[in-house]
Amino acid sequence: MSWGTELWDQFDNLEKHTHWGIEFVERYTKFIKERSEIEVNYAKQIRNLSKKYQPKKNSKEEEENKYSSCRAFLTTLNELNDYAGQHEVIAENLTSQIISELMRFVQELKAERKSHFHDGRKAQQHIENSWKQLEMSKRRFERDCKEADRAQQYFEKMDADINVTKADVEKARQQAQLRHQMAEDSKNEYTSCLQKFNQEQNEHYYTLIPHIFQRIQDMEERRIEKVGESMKMFAEIDRQVLPIVGKCLDGMTKSAESVEPKLDSNQVIESYKSGFEPPGDVEFEDYSQPMKRTASENSLTNSRGEGKDKPSGKSKPKLWPFIKKNKLSLKLGSGPEDCSHLPPEQRRKKLQAKVDDLNKEIQKEVDQRDALTKMKDVYLKNPQMGDPNSVDPRLSEISQNIERLKLEVQKFDAWLAEVEGRLPLRNDQSKRQSGLYDTQNNAPVNNNCAQDRESPDGSYTEEQNSETQIKAPSTEFDDEFDEEDPLPIIGTCKVLYPFEGQNEGTMSVAEGEMLYVIEEDKGDGWTRVRRSEEEEGYVPTSYVEVFLEITKGAMTYI
């Protein structure tokens with residue numbers, strides 16, 4: 001069915017309909033724009049969400065990635081970021097493949113519609129002008145016919161009147177003939193105009209207008225087809241990213257399936273294992289029997305005599321599960337360089353990590369040295385490429401760095417060996433061997449390793465040295481007290497907590513007792529003190545407050 005034959009008289013309605021059609025395309029284009037903006041904003045929000053929950057560098061969240069659930073969450077965040085990228089692709093394709101194309105098409109459509117309806121109005125104006133000419137010719141013919149009739153009647157009247165002269169009758173006859181001739185000419189003109197109008201009208205309604213309306217119909221059908229294609233493209237753009245979106249979702253599913261509860265629970269052990277032995281049984285204290293008087297804070301004599309007689313079982317038991325949390329500080333990265341503030345297992349891990357990092361740095365420096373050495377060889381063979389001596393300062397600097405790093409590795413290796421029990425506590429004092437944690441010599445103390453690290457209120461203080469440092473000299477060290485000149489006194493110290501010297505080479509002390517210092521702590525956690533000329537030995541540095549002589553400066557060990 002053709003608009004030219006079916007809608008030949010609906011020019012105005014077709015004009016309104018095609019105008020609505022263009023507005024519909026513009027409205028649909030606006031819809032695509034808003035959809036594209038939604039995709040852009042959605043992708044931006046998804047990216048921001050993924051970025052918000054990404055672990056910060058060198059933060060606690062980054063350390064949490066050792067757990068499989070945290071790694072799975074990180075993978076999900078990365079997949080979500082890729083998922084957001086696909087929505088950006090949708091927005092880009094909507095803009096390039098639909099919006100831009102529709103905007104160009106609408107401009108062409110408007111121009112084409114304007115041209116078609118201009119031709120239609122021109123044809124309509126022409127047929128209207130032809131109709132007006134026909135009407136004018138018709139009215140002229142009608143007027144001339146009436147005038148010819150009046151002239152004929154006037155002539156007949158004059159001819160019948162005997163009183164009228166022959167000249168007047170002749171004049172009336174000539175006028176009647178003239179009017180008849182004019183009427184005949186008007187008739188011919190009207191006939192010609194009528195024939196012309198009928199021909200033009202036939203051409204207008206059967207040729208010209210159908211042709212114009214057909215072009216308008218074709219334009220409208222192309223508009224509808226374009227909208228349909230855009231709607232199909234709208235769906236296809238979404239469908240194109242589905243495989244990648246599916247991969248993102250598959251990645252999320254795979255990461256979720258990689259979560260291993262057993263592995264994570266074992267990782268908790270690796271992270272927080274202290275290496276301490278659980279506390280042993282608390283011994284019964286029989287208060288029904290007469291008790292020996294305890295050492296007085298103000299009596300040095302009583303402390304000397306009674307300190308050695310106190311049985312080890314009478315010391316106040318300390319239980320690790322009841323340590324005050326606000327005083328227990330095991331934060332990685334804090335404390336002394338040798339990590340002595342950490343429990344044994346955590347200290348070992350920290351030192352091992354430091355050794356590994358230093359080895360990596362050494363390897364980097366070695367690689368740089370090898371590269372510079374090759375460059376120097378090239379310069380030596382081809383002097384025009386560069387001065388070989390210009391490389392020497394950098395090589396010297398790298399060599400110094402390597403030596404420095406190797407010394408650091410040796411230092412941390414020594415501490416690591418100390419923790420793992422592979423080497424004596426200090427190389428320069430190889431005779432000192434720990435007996436405090438030796439299960440063969442002192443099993444009860446091994447089971448209560450925390451008791452000598454706590455203050456009298458039962459809380460663990462992070463200022464005290466770690467348990468690896470609380471080691472008593474063995475019997476081999478007693479040789480130092482024999483057949484040598486007495487060491488000079490270098491300061492004094494006040495006993496903060498009572499200590500039972502259960503190994504040879506150590507000395508029992510009472511809380512509040514004042515002693516002489518004859519040898520500083522050399523890094524092994526022990527200070528050599530003297531009570532009298534006949535009695536001296538080692539006590540834990542963390543159990544005394546040391547006041548050195550002014551010549552050496554004032555230092556306090558807590």
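Every number here is computed from the coordinates shown, using simple stated rules; none is lab data. Please read all numbers here as calculations on a predicted model, not as lab measurements. Glycine also receives a Cβ, built like all others from the backbone with ideal geometry; neighbour counts cover every protein chain displayed.
How long is the gain from Gln214 to Lys110 if the chain were fully straight, where each residue apart is worth 0.36 nm and the alpha carbon distance is subtracted?
35.8 nm
Which far-off residues, 5 or more places away or on another chain, put their amide H under 5 Å from the one on Glu536, with H placed in the peptide plane?
Those qualifying (amide H under 5 Å, at least 5 residues apart or on another chain) are Arg531.
Could you run the Karplus curve 6.51 cos²θ - 1.76 cosθ + 1.60 with θ = phi - 60° over region 63-75 and give me ³J(HN,Hα) per residue in whole Hz, x for Gly and Pro?
Running phi through 6.51 cos²θ - 1.76 cosθ + 1.60 with θ = phi - 60° gives 5, 5, 5, 6, 8, 5, 5, 5, 5, 5, 5, 5, 4 Hz.
Just to confirm my numbers, what's the Cα centroid distance between region 29-43 and region 225-247 in Å?
14 Å
Hey, which of these cross-link pairs are over 25 Å Cα-Cα: Lys16/Lys122; Lys273/Lys354; Lys16/Lys196?
Lys16/Lys196
Whole-Hz Karplus ³J(HN,Hα) for region 380-394, in order, using 6.51 cos²θ - 1.76 cosθ + 1.60 and θ = phi - 60°, x for Gly and Pro?
Values, residue by residue: 5, 6, 10, x, 5, 7, x, 8, x, 5, 5, 8, 4, x, 5 Hz.
Take each of the peptides 141-150, 539-548, average the number of other beta-carbon atoms within 10 Å over its residues, and list them starting from the highest.
539-548, 141-150
Pop a pseudo-label 7 angstrom from the Cα along the beta-carbon direction at both Ile224 and Asn58 and give the gap in nm to one decimal.
6.9 nm
Output needed for region 1-43: three equivalent-ellipsoid semi-axes, defined as square roots of 5 times the C-alpha gyration tensor eigenvalues, in descending order, whole Å.
One finds semi-axes of 37, 9, 4 Å for region 1-43.
Given a Förster distance of 56 angstrom, what is the FRET efficiency for Ser265 paired with Asp367, based on the Cβ-Cβ distance and rounded to 0.05?
Step by step, r from the Cβ atoms, then E = 0.90.
Dipole magnitude of region 196-242 about its Cα centre, charges +1 at Lys/Arg Cβ and -1 at Asp/Glu Cβ only, in debye to the nearest 20?
Roughly 60 debye for region 196-242.
All other residues with a Cβ under 10 Å from the Cβ of Glu88 taken together, and with Lys, Arg as +1 and Asp, Glu as -1, what is their net charge?
0
Say R0 is 56 Å: what FRET efficiency, to the nearest 0.05, do Lys360 and His19 get from their beta-carbon distance?
For Lys360 and His19, the calculated efficiency is 0.15.
Quick one: which of 204-217, 400-413 comes out on top by average Cβ neighbours within 10 Å, and what's the full order, highest first?
For the peptides 204-217, 400-413, the packing ranking is 204-217, 400-413.
Efficiency by 1/(1 + (r/R0)^6): what FRET value for Glu519 and Ser396, r their Cβ-Cβ distance, R0 = 30 Å, to the nearest 0.05?
So the FRET efficiency works out to roughly 0.15.
Applying a 10 Å radius around every beta-carbon, put 68-75, 187-194 in order of their mean neighbour count, most first.
Put in order of decreasing packing, that is 68-75, 187-194.
Got a sec? Which residues in region 134-176 would a label at Lys196 touch, if it sits 7 Å along Cα→Cβ and we count backbone N under 16 Å?
134-141
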